[in-house]
Amino acid sequence: MDGQKKVNAVVLAGDRRASIQVKNDNKAFLLLKNTPLLIHILRAFKQARFVHDITVIGPAERIREIIGQYADTLEGPGKIRVIEQRQNMIENFKAAYVDSLGLPQSTAFETLSGSEHADTPVLASPCDIPLLTSWEIDEFLMQSNMHDYDYSIGITSEKVLRYYHPSGNKPGIRMIYFHVREDLMRQNNLHLARPLKLKHLDYIEKMYEWRYQTHLLNVLRMMSALLLFSWRFLAAIKVFTFLQISLYYDRHGHPRLADRLRMHAPLHALPEGIGRIIGARTQVVYTHLGGAALDVDHDENLEAMEAMYDDWMEHQSALRQKRFPRVGKSEAAAILRV
């Protein structure tokens, strides 16, 4: 694929404000198969055909130290740069995006609005999805239509992810899903965006925190808070209401009622609702391997990954061979429109 078609990537490895720690540590440094989670992710990005340079933002000194220790496993085209974290996820994203443009860190993100960089996209992910593969990254990028959209969110179906659920004596990870009319699905932690085209970027952090809400009262409180912040949310509130109430009833043993409720939340309404909130043309993109959706939010998740790592990685490899036996660079370039 032509070098100009590649995108730069940012990996968010901060540990301040709303970040969730596991085993009392930044998740980037937790070990899976004796290798830090961050290194697993960087290997996937380095092997992806459509990723160029990578910026990692977090506790910079510690990150540089572990990258140095594993440098011989991170070879390949493109550079890895490390910058010091800011105070929250969105500030980290803004700073990392500025760095991905090759600009000085002193450059304020807000000053770039309307500049030559307005149409430059960036791929973003957290640091806690160690089963991510280069194949899933490329699948996501190939399906992301950045000609017609400014923000692409990765999702994965429950039909794909049920393989990773606990089964018999095998450990696994049972996830929380969005309930829409057509499917049960989970956000898979891959994002492709033109950040300077997102009019209300700060709302992404609120939505990111919202996905962990499972108690109905907390959901209602958060929705009320969003309404107070902006009436833009009013136009999207219907679909999010049915999503959350359907999830609530499913988790409390009423699957039939949950299914009736999700009939009022069609899939197309999800990107439309998100787009209204953040002020951008938004699409959702299915990926079909599963690794990008398996994040380490609890000790039990990491323990399951440790036990099932070889099986799950072999499963993803088999899926990849089945779905993408051969994808030529010219074919991929025709799909990846950035």
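The values are calculated or read from the model by the stated rules, or taken from the named source; none is laboratory data. Bear in mind the structure is a predicted one, so any value in this text is a computation, not a measurement. Methodologically, a virtual Cβ is constructed for each residue, glycine included, from the backbone with ideal geometry; neighbour enumeration extends over all protein chains shown.
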statement: Considering segment 87-111, residues that are hydroxyl-bearing (Ser, Thr, Tyr) and within 10 Å of residue 55 (Cβ to Cβ), and then whichever is farthest from the chain's Cα centre (by Cα), we arrive at 100
- request: Could you figure out which of (1) touching a residue at least 40 places away in the same chain (Cβ under 8 Å); (2) of a type in the set (S, T, N, Q); (3) not in a helix (DSSP H, G or I) isn't true of residue 106?
  value: (1)
- request: Name the single residue, out of those in segment 265-283 being within 17 Å of the chain's Cα centre (by Cα) and not in a helix (DSSP H, G or I), that is surrounded by the fewest Cβ atoms within 10 Å (Cβ to Cβ).
  value: 283
query: Counting only residues that are farther than 20 Å from residue 187 by Cβ, part of a helix (DSSP H, G or I) and either basic (Lys, Arg) or modelled with pLDDT of 75 or more (or both), how many does segment 213-264 have?
result: 8
field: Identity of the residue in segment 285-338, of a type in the set (Val, Ile, Thr) and at pLDDT 90 or above, that ends up nearest to residue 271 (Cα to Cα)
entry: 285
statement: Restricting attention to segment 25-39, the residues that are among the charged types (D, E, K, R) and either surrounded by fewer than 21 Cβ atoms within 10 Å (Cβ to Cβ) or in a loop (DSSP other than H, G, I, E, B) (or both) number exactly 2
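Residues are listed down the side, and each one gets a yes or a no for (1) assigned to a helix (DSSP H, G or I); (2) charged (D, E, K, R):
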position: 56; (1), (2): no, no
position: 95; (1), (2): yes, no
position: 98; (1), (2): yes, no
position: 110; (1), (2): yes, yes
position: 139; (1), (2): yes, yes
position: 147; (1), (2): no, no
message: On the basis of being under 12 Å from residue 193 (Cα atoms) and buried (at least 16 other Cβ atoms within 10 Å of the Cβ), does residue 123 make the cut?
response: yes
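Looking at residue 148, is it in contact with a Lys or Arg (Cβ under 9 Å, 6 or more places away or on another chain) and within 26 Å of residue 302 (Cα to Cα)?
Details: in contact with a Lys or Arg (Cβ under 9 Å, 6 or more places away or on another chain): yes; within 26 Å of residue 302 (Cα to Cα): no.
Considered against the rule, which asks whether it is in contact with a Lys or Arg (Cβ under 9 Å, 6 or more places away or on another chain) and within 26 Å of residue 302 (Cα to Cα), residue 148 comes out as no.
I need the full set of residues from segment 1-26 which are within 19 Å of the chain's Cα centre (by Cα) and modelled with pLDDT under 95, in order please. Don't jump to the end; show me each part of the working.
Here is the first cut: in segment 1-26, the residues within 19 Å of the chain's Cα centre (by Cα) are 6-22, 26.
Hits for segment 1-26 are 6, 14, 15, 16, 17, 18, 19, 20, 21, 22, 26.
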- prompt: Does at least one position in segment 169-177 carry a residue that is surrounded by fewer than 18 Cβ atoms within 10 Å (Cβ to Cβ), of a type in the set (Lys, Arg) and not in a loop (DSSP other than H, G, I, E, B)?
  reply: yes
